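Contents: one structure, followed by commentary.
The values are calculated or read from the model by the stated rules, or taken from the named source; none is laboratory data. All values reported here derive from a predicted model rather than from experimental measurement. Quick reminder, even Gly has a Cβ in these numbers, built from the backbone with ideal geometry, and neighbours come from all protein chains shown. Side chains included, ligands, DNA and RNA excluded: accessible areas come from the protein's heavy atoms. Shrake-Rupley method; radii C 1.70, N 1.55, O 1.52, S 1.80 Å.
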Amino acid sequence: MSHLQFDANLSEALKMEGDLIRAPPPRWQRKAQEQGVTRLTINNENSICEGNSPRSAKTPHSGSLLDTKSPGRGKSPGRGKSPGRLIPKLAVRGAGQKTPSRKTPTTPFNQQDRFIPNRSTTDLELSHHLLVTSMEASGGDQAEEEELTLQQKEYKEKMTENLNDGQPPNTRILSFKNKAPQAQEGYVNNLKVLYSAGKTVMPKASSSRHIPSVPEKILDAPDLLNDYYLHLLDWSTNNHLGVALGSCVYIWNAGNGSITALTQLDDPDYVCSLAWIKEGHVLAIGLSSGITQLWDVAQQKLLRTMGDHQNRVSSLSWNAYILSSGSRSGQIFHHDVRVADHHVATLQGHTQEVCGLKWSTDGRLLASGANDNQVIIWEKTATSPLHTFTAHQSAIKALAWSPWQSNILATGGGMADRTIRLWNCSTGLCLKDITTTSQVSSILWSTHYKEIISGHGFSNNHLTIWKYPSMAKVVDLTGHTGRVLELCLSPDGQVVASAAADETIRMWKCWAMDKKDKKQTDASKNHPISALARARTIR
């Protein structure tokens, strides 16, 4: 019989349905005892009894093997009626006690391997410095930061920039890939235009106003010379647009739409540049023979002929009664049109054709750009350069002075450069440079908004408006099928005229003034820009 009793005890120990007799109480029971929870048990008569034992003192199965008392112990806690049945237990907590919530850990979906930083490309000393600095800053040094003066804060920022090798303080401290090798100093990729012939991707600035994407008017301009170095378009303060078509010069009145033929040259001579005097009644014309003519447009009369240049006059610029002219030889002449001996100064600085010439708004500085990839800044009464900028890698035709800061100059490079640069001509420093991925032929500043517009050639043949000083792109104006050669601004500062190699002149209303801020003047009433609708062909 002893072996039968042993088999019964063994089978009882191996059963998994019931509670273990000698095992410690479950975790939920220990938690309930620590929190003072009274357990309620359900007996076989479906009545709830309170007590420390899940079973009542008397049960119909008191004589079964499951109710056998262990020596020296009371009734077995947590035992059910039968070996295969579990008795549900309900717990009731006192007032103010909350059931502790237990969150089931979840396995992340689509879990991948972690990123491992690259030690060879990470500056460990700089990373350690940035970590220590951020920890000290978060530790409560704000009071000391407020006590620093403005000069001390600036000194601290400069020291931080120098110690961090020019990197911002909030830069990443870990590197996860190898950095691309830098090009050699002075290296220029002559084939990079082939990789930038696609659509330009530039950051766009937010603009609340509507800028029309189509021109208000298109004028046909047959025989417009497709020469990057020439200036064949200019708009006067009297709202007259001067256009050079081959050997002829035409005047288009934007107020009433009338067209007047001013002059026609004998072959093989042709017009190279046009420039209106500030008052708007005299037009200077530079010719391919090296002669500069002054015309009274109102009377259609030739006032003067000045012939000092030996090569074509490709650029002109007025400063009150001083007319500056640049030629293919690289020389710049100053002409005082009030006196008989008009040639008053010669500027020697360029070695190739001068294709850009602009006086500043205050008349103190003259900027010249040439095919030798140089921009030279001249003072009014000096014959030696004040500054020479050599950052561009191509001819510089596009020059424009800021209407708000007389010392800020914008320049644009040609095919091999395709960049716009902003210069502080008081210090000679480059303030900003932006890559446009297209040849820059002309630049204008807006007089109503802090914006710049640029005309481009290959490969997009478009106009682009930029936000100043961030130089974020506002909008691209497309429509020309040939490269844009020249831009000029209307006297009211709202309309931009663009002449292109497709022999068209397009009028873009880029900078329309707000009606609330616009003040009507007598000049604008006499020459409304809205009356653009009559002539469609200049000639």
Based on the Cβ-Cβ distance of residue 448 and residue 478, what FRET efficiency does E = 1/(1 + (r/R0)^6) give at R0 = 30 Å, to the nearest 0.05? 0.85
Cα-based shape type of the stretch 382-470, given that a ≥ b ≥ c are square roots of the gyration tensor eigenvalues and the cut on a/c is 1.5: oblate
Inter-probe distance in nm under a simple model that places probes 7 Å from Cα toward Cβ, at residue 122 and residue 185: 3.2
Where does each of 427-439, 483-495 land if you order them by average Cβ count within 10 Å, highest first? 483-495, 427-439
Carbon and sulfur atoms account, in whole percent of the 1.4 Å probe accessible area of the stretch 265-393, for 45
The answer for residue 275, listing residues at least 5 apart or on another chain whose modeled amide H is closer than 5 Å to its amide H, is 284
Built amide H within the under 5 Å cut-off of residue 303, gap 5+: 294, 295, 296
On average, how much accessible surface per residue is there in the stretch 376-482, in Å², for a 1.4 Å probe, leaving out ligands, DNA and RNA? 33
Measure off, as a whole percent, the carbon and sulfur share of the 1.4 Å-probe accessible area of the stretch 460-520, all protein chains present. 46
Gyration tensor (alpha-carbon) shape descriptor, the stretch 413-457, a/c threshold 1.5: oblate
Under 9 Å, Cβ to Cβ, from residue 497 - net charge with Lys/Arg +1 and Asp/Glu -1: 0
Packing-based ranking, highest mean first, of 266-273, 328-335 given that Cβ atoms within 10 Å are counted: 328-335, 266-273
If I stretch the segment between residue 152 and residue 348 completely, what's the gain in nm (0.36 nm per residue apart, minus their alpha carbon distance), one decimal? 66.0 nm
Can you tell me the FRET efficiency between residue 513 and residue 426 if r is taken as the Cβ-Cβ distance and R0 is 41 Å, rounded to the nearest 0.05? 0.85
Taking a crude spin-label model, label points 7 Å out from Cα along the C-beta direction, the residue 338 to residue 213 distance in nm is 5.2
By accessible area of protein heavy atoms, probe 1.4 Å, what ranking do 127, 384 get, highest first? 384, 127
